[in-house]
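This report refers to the structure that appears directly beneath it.
Coordinate-derived values only; no laboratory data. It should be emphasised that the depicted structure is a prediction, and the values quoted were computed from it without experimental measurement. Here the Cβ positions follow ideal geometry from the backbone for every residue, glycine too, while neighbour counts run over all protein chains shown.
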Amino acid sequence: MSARPSDPPGSPRYAINRAVIDFCCTPNARALIAAKADFFAAYPLGAEERQAVVGQEWRRLLELGVLPNLVYRFYMLHGLAPESFSSAIGAKS
């Protein structure tokens, strides 16, 4: 993934991690789940990144460099069972 002109200096994964952090820290995050596409529209995400956050592509978020603890937190905000996380990301038991 190459850096886009709107990316801040540093890691090219900054924008997607920042977006997920901001979403998870929003006081009404659970209420925003249905409208998360609108929330993430304000961030400089590439098409692949945007699809992963909006489409609940948990494994792909990890592959794109989202920190595992953020992916887990984002997963939990969707009301999913914690014990299903490892299978959702395709982890081998």
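Annotations
- Counting only DSSP H runs of at least 4 residues, each contributing -39500 (n - 2.57), and dividing by the residue count of the chain, the helix-based mean residue ellipticity at 222 nm comes to -13000 deg cm²/dmol.
- Taking a ≥ b ≥ c as the square roots of the Cα gyration tensor eigenvalues, segment 14-88 comes out oblate, since a/c reaches at least 1.5 and a/b does not exceed b/c.
- Length available on full extension from Ile33 to Asn69: 0.36 nm per residue minus the Cα-Cα distance, which gives 11.1 nm.
- In segment 14-88, Cα pairs under 8 Å separated by at least six residues give a relative contact order of 37 percent.
- Environment charge of Leu32, counting only residues whose C-beta is closer than 15 Å and scoring Lys/Arg +1, Asp/Glu -1: +1
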